[in-house]
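Undergrad: I have a structure I would like to understand better, so I am pasting it below and will then ask my questions one at a time.
The values are calculated or read from the model by the stated rules, or taken from the named source; none is laboratory data. Keep in mind it's a predicted model, so treat the numbers as computed, not measured. In this analysis, Cβ positions are derived from the backbone assuming ideal geometry, glycine residues included, and neighbour counts consider all displayed protein chains.
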Amino acid sequence: MRDADSVLHAYLHSTDETEQKRLENELLQAYAAPIVRRTLKQRLDFYIDQSCRGSNHADAADLYQEAMLRLLQKLSELRSKQDANGINDFGHYVVRIAVNTCNEYLRDKAPERSSLNHNLRDLLTRHRDFDIWKGENNSLVCGFAAWKKGRTESVRTITPERSDGIIQSLRRSGLVKQGLQRFPTGKILSEIFEQVGGPIEFDCLAEMVATALMIKDLPRESLDQNDEGSGLEPIDAGPPPDAQIEGREMLQLMWEELRRMPAIQRNIVCFKFSDHSGENFFKLIRQAGIATLKQLTEEFSLTREELAEISKQTPMEIEDIARHFGVSRQQVSKLLHRAVIHLLDRLTKK
């Protein structure tokens, strides 16, 4: 099997439509799909089989489809520009898309913990006394900056008993207590590092701070956990600009395909869809000049007031869409899955 970057190069420079389609399918199915499935497993413990039908979590298929659709949008943009340098490392880029898809999911499910992790990473990076770096097995390690420079201190393993003892010490010291509007995070980290006596993994630090501050919306996997063995630097939790919807042309094609679908299936996709900034589908196609307000009200058989109310509620979660249409969650997921597969197939032929 050829490496992915060679296939990508051939895909971008192919002038034969049939060959181009074959290469695109090879990139998506042979190279990207296993990476996306593996990332979902590592980040969220979401398993999804090769057929994308069997999974261990109701959201697994949706996240897989979202990541694949974002990748398809990027490939279509590069193809239209014939930009061979748009992706320097295909596997790396697929990981970025999959990781950021997981990150957005975790931010929705665990906003307080996500904010805490971001703030801790920021403080460790900019505070002159602290630092964060990559340790063995690509784990993120943090501690006093001097520990990184000397690399003389080994990474400490913190037992649950030791962690509880440090948290109780923080509470006794008054650094964390109820009623405080703002916590002295720098002093909290200094106290933890002093008591530990050496570098610790970032996940361990974040868990101790979250427990001490009584932040309860802890996700199953840390937002900042690196993919083991990926060799990548820590990835910013924010969405990369090049992962957003790329260009009016792709949005136009998507809208044309949606209009050919059964009404309920079209509506489910439109109600669920959003770009990386969280913008809903209705606002996107109006801003792009693809459809007017009058055209949308006619297409969806809604009044202006009804469309405005729907637009405020979108993007919707699967459960909300199911309630809106009075159908089961499973029916919505099945229709959405079929729609995304159809879009992937049709848009790659354009």
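Undergrad: Restricting to region 2-16, and then to whatever is free of Cβ contacts under 8 Å to residues at least 24 places away in the same chain and assigned to a helix (DSSP H, G or I), can you tell me which residue is surrounded by the most Cβ atoms within 10 Å (Cβ to Cβ)?
TA: Only one residue tops the list, namely Ala10.
Undergrad: If you don't mind, another one. Look through region 321-330, keep the residues that are touching a helix residue (DSSP H, G or I) at 6+ places or on another chain (Cβ under 7 Å) and over 11 Å from Asn267 (Cβ atoms), and return whichever of them is surrounded by the fewest Cβ atoms within 10 Å (Cβ to Cβ).
TA: Per the stated criteria, the residue is Ser328.
Undergrad: Exactly one condition in (1) surrounded by 15 or more Cβ atoms within 10 Å (Cβ to Cβ); (2) over 19 Å from the mean Cα position of the chain (by Cα); (3) more than 21 Å from Leu336 (Cβ to Cβ); (4) at pLDDT 75 or above is false for Asn25; which is it?
TA: It is condition (1) that Asn25 fails.
Undergrad: Could you say which residue among Leu284, Leu293, Leu258, Leu253 is among the hydrophobic types (A, V, I, L, M, F, W, C), surrounded by fewer than 15 Cβ atoms within 10 Å (Cβ to Cβ) and more than 19 Å from Leu63 (Cβ to Cβ)?
TA: The match here is Leu293.
Undergrad: Of all residues in region 89-129, count the ones that are at pLDDT 80 or above, in the same structural domain as Ile200 (by TED's automatic domain parsing) and in contact with a Ser or Thr (Cβ under 8 Å, 6 or more places away or on another chain).
TA: 4
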